Amino acid sequence: MKSKNKSGFSLIEVMVAALLLAVLAIGGAAVMYQTGGNIQIQGNKRIALELANEVLERYQSMEYKDIPASDTDTISVDGIPHSVTVNSTKEHFPSPSPSVADEYKQIEVRVSYR
């Protein structure tokens, strides 16, 4: 009797391994794509936060009477337009004495981008 000496992999084993590799590669690509999108979103949020801080610092250096009720500005960062909208409202609080001002302005800064 002749004995068959088998070595190597069968076609089914190779196909299963290729399928498993393909599934892992697609999953890895999806994770990388998702991560890249999240990095872009976080970058945009960082830019928006820096613009809002810049606007607030500018308003902080203004005299109280010079703060406008609303203001809109468009700033382009890396070719991406960012719209900065500032709204200020006067608020009153109970004053402990007549000599203390009973008014303050609340400032809201909104930054929108594409």
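Can you give the charge dipole size of region 41-90 about its Cα centre, rounded to the nearest 20 debye, using +1 on the beta carbon of Lys and Arg and -1 on the beta carbon of Asp and Glu? If you can, show how the numbers build up before the last one.
Working: 5 positive and 8 negative charges, 40 e Å.
Its charge dipole is roughly 200 debye.
With runs of 4+ DSSP H residues as the only contributors, calculate the mean residue ellipticity of the chain at 222 nm using -39,500 (n - 2.57) per run, divided by the residue total and rounded to the nearest 500. Intermediate results must be reported in sequence, preceding the final value.
Details: 1 runs with 50 residues, N = 114.
It comes out at -16500 deg cm²/dmol, rounded to the nearest 500.
With axes computed from alpha carbons, what is the tilt in degrees of helix 11-60 against the longest principal axis of the chain, rounded to the nearest 10 within 0 to 90?
The helix 11-60 is inclined about 10 degrees to the chain.
Can you put Asp66, Asp71 in order of accessible area, largest first, using a 1.4 Å probe? All intermediate terms of the calculation are to be shown ahead of the outcome.
Numbers: Asp66 85, Asp71 60 Å².
In descending accessible area the options line up as Asp66, Asp71.
Would you mind getting me the FRET efficiency between Met32 and Ser97? Use the beta-carbon distance for r and R0 = 41 Å, nearest 0.05.
Numbers: r = 63 Å, r/R0 = 1.53.
E between Met32 and Ser97, to the nearest 0.05, is 0.05.
So with the 1.4 Å probe, I'd like the accessible area per residue for the chain, rounded to whole Å².
Values: 9480 Å² over 114 residues.
Normalised by residue count, the accessible surface of the chain is 83 Å².
For region 33-93, which GluC sites (Glu not before Pro) are both in a DSSP coil and crowded by at most 16 other Cβ atoms within 10 Å? Write down the numbers at each step before the final one.
Working: sites: Glu50, Glu54, Glu57, Glu63, Glu91; in loops: Glu63.
For GluC sites (Glu not before Pro) across region 33-93 that sit outside H, G, I, E and B with at most 16 neighbouring Cβ atoms in 10 Å, the list reads Glu63.
Over the alpha carbons of the chain, what is the largest minus smallest coordinate on each principal axis, giving the biggest first in Å?
That gives 115, 36, 16 Å along the principal axes, largest extent first.
In square angstrom, rounded to the nearest 10, how much accessible surface does Thr74 have for a 1.4 Å probe?
Looks like 90 Å² after rounding.
Could you calculate the FRET efficiency of Met62 with Val23 from 1/(1 + (r/R0)^6), where r is the beta carbon distance between them and R0 is 35 Å, rounded to 0.05?
Working: r = 59 Å, r/R0 = 1.70.
Here the calculated transfer efficiency is 0.05.
For the chain, build the charge dipole from Cβ charges (+1 Lys, Arg; -1 Asp, Glu) around the Cα centre, then report which of Leu11, Ser97, Ala29 sits farthest towards its positive end.
Comparing the listed Cα positions along the dipole, Leu11 ranks first.
Over the chain, what is the relative contact order in whole percent, taking alpha-carbon pairs under 8 Å and six or more residues apart? Each step should come with its number before you reach the end.
On the way: 93 pairs, mean separation 23.3, N = 114.
Normalised by residue count, the contact order of the chain is 20 percent.
Would you list, by chain and number, the lysines whose Cα falls below 22 Å from the Cα of Lys65, excluding same-chain residues fewer than 8 positions away?
Excluding near neighbours in sequence, the set is Lys90, Lys105.
The values are calculated or read from the model by the stated rules, or taken from the named source; none is laboratory data. Values in this document were obtained by computation on a predicted structure and should not be read as measured data. For neighbour counting, all protein chains shown are included, and Cβ atoms are generated from backbone atoms with ideal geometry for every residue, glycine included. Ligands, DNA and RNA are excluded from the accessible area calculation, which covers all protein heavy atoms including side chains. Shrake-Rupley method; radii C 1.70, N 1.55, O 1.52, S 1.80 Å.
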